[in-house]
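The values are calculated or read from the model by the stated rules, or taken from the named source; none is laboratory data. What you see is a predicted model, and the numbers here were worked out from it, not measured in a lab. Cβ atoms come from the backbone with ideal geometry, glycine included; neighbour counts cover every protein chain shown.
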Amino acid sequence: MLSVVIPAYKEEENVQLAYDRVSAVVDGIGEDWELIFSVDPSPDRTEELILDLMERDPRVKMLRFARRFGQPMATIAGMEAATGDAVVVIDCDMQDPPELIPELVRSWRDDGYDVVYAQRRTREGETLVKRIVAALGYRLIARIAEVEIPPNTGDFRLMSRRVVDNVVALREHHGFLRGLVALVGFRQTSIKYDRDARAAGSSKYNKFFGSILIGLNGVVGFSRYPLQLISVAGFGFSALAFLLAVVYLILKIVGVAFPVGNPTIVFVIAFFSGIQLLSLGVIGEYVGRIYDETRGRPKYIVESRHGFEGE
């Protein structure tokens, strides 16, 4: 059994296309399969179209959440509901080609890899600014993360059953899938591909700032480096302040004029105030995640399950 998980939110323009392309590909693999749409409540016809697909094909299933929980949690929920020996995660916008799935399956089934992630060579349809931000973000995460998170990858990947079971067992509320899969480990490999432009519509999940927030989850969730950097910066600035005080004292003793006035004071206070606020912000990100985890609230709430056995 092969499970395909597709998180969706306001994707009425892509639901049918996603089904057509994915079903045509997985039919050719020669294994039983299921297609799980993991849906945040959508004001358009996304859910209606999925229900229509279910009437024509019982292999199509749908999870509908009580409210919008976001793409990371929609993906994790779909993985948890999947029953396949392997699970493929792919976006509904078809920027990631389903035609690559047979190659992912081949690396898992024939070569024994537990994770086969698709790695982007090119990113068609994305603005120059977003490509630059993505490149810098991946470089930063690769440098400071405590686990090896491969660059130029998204959630499009195949995971074996034991990887899926271990990922959903982590119970983290900030589901940065790339980091969670890297944290779990097992044998992993990549397959390179060229990412297409979005098939239709505009992104409802990963817009520019959404991508930055997801990247921030990767930095804060898998590295203590920002906290260490604050400590180093605090020590460095304290040493600099002490050195300036010594220099000022020496100049004062030898009678050298040392200009000090309101502009200097304002600049120094503003600079160090900015450093303090930035430090508090970084600490706040970590404290906020600790708070989220200790409350013990559910990561998501499923309102209805369609097409699953016994339901």
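At-a-glance table
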{"read-out": "Helices (runs of 4 or more DSSP H) fully within the range 1-117 counting 2 or more residues that are out of contact with any Ser or Thr (no Cβ under 7 Å at 6 or more places or on another chain) and farther than 29 Å from residue 174 by Cα", "value": "15-27, 46-56, 101-109"}
{"read-out": "Those residues of the range 287-311 which are at pLDDT 80 or above and on the phi > 0 side of the Ramachandran plot, in sequence order", "value": "307"}
{"read-out": "Residue 111 farther than 21 Å from residue 31 by Cα and in contact (Cβ under 8 Å) with a residue 24 or more places away in the chain", "value": "no"}
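Let's see how each residue does on (1) buried (at least 18 other Cβ atoms within 10 Å of the Cβ); (2) farther than 20 Å from residue 116 by Cα; (3) in contact with a Cys (Cβ under 8 Å, 6 or more places away or on another chain):
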{"position": "6", "(1), (2), (3)": "yes, no, yes"}
{"position": "10", "(1), (2), (3)": "yes, yes, no"}
{"position": "26", "(1), (2), (3)": "yes, no, no"}
{"position": "46", "(1), (2), (3)": "yes, yes, no"}
{"position": "72", "(1), (2), (3)": "yes, no, no"}
{"position": "75", "(1), (2), (3)": "yes, no, no"}
{"position": "89", "(1), (2), (3)": "yes, no, no"}
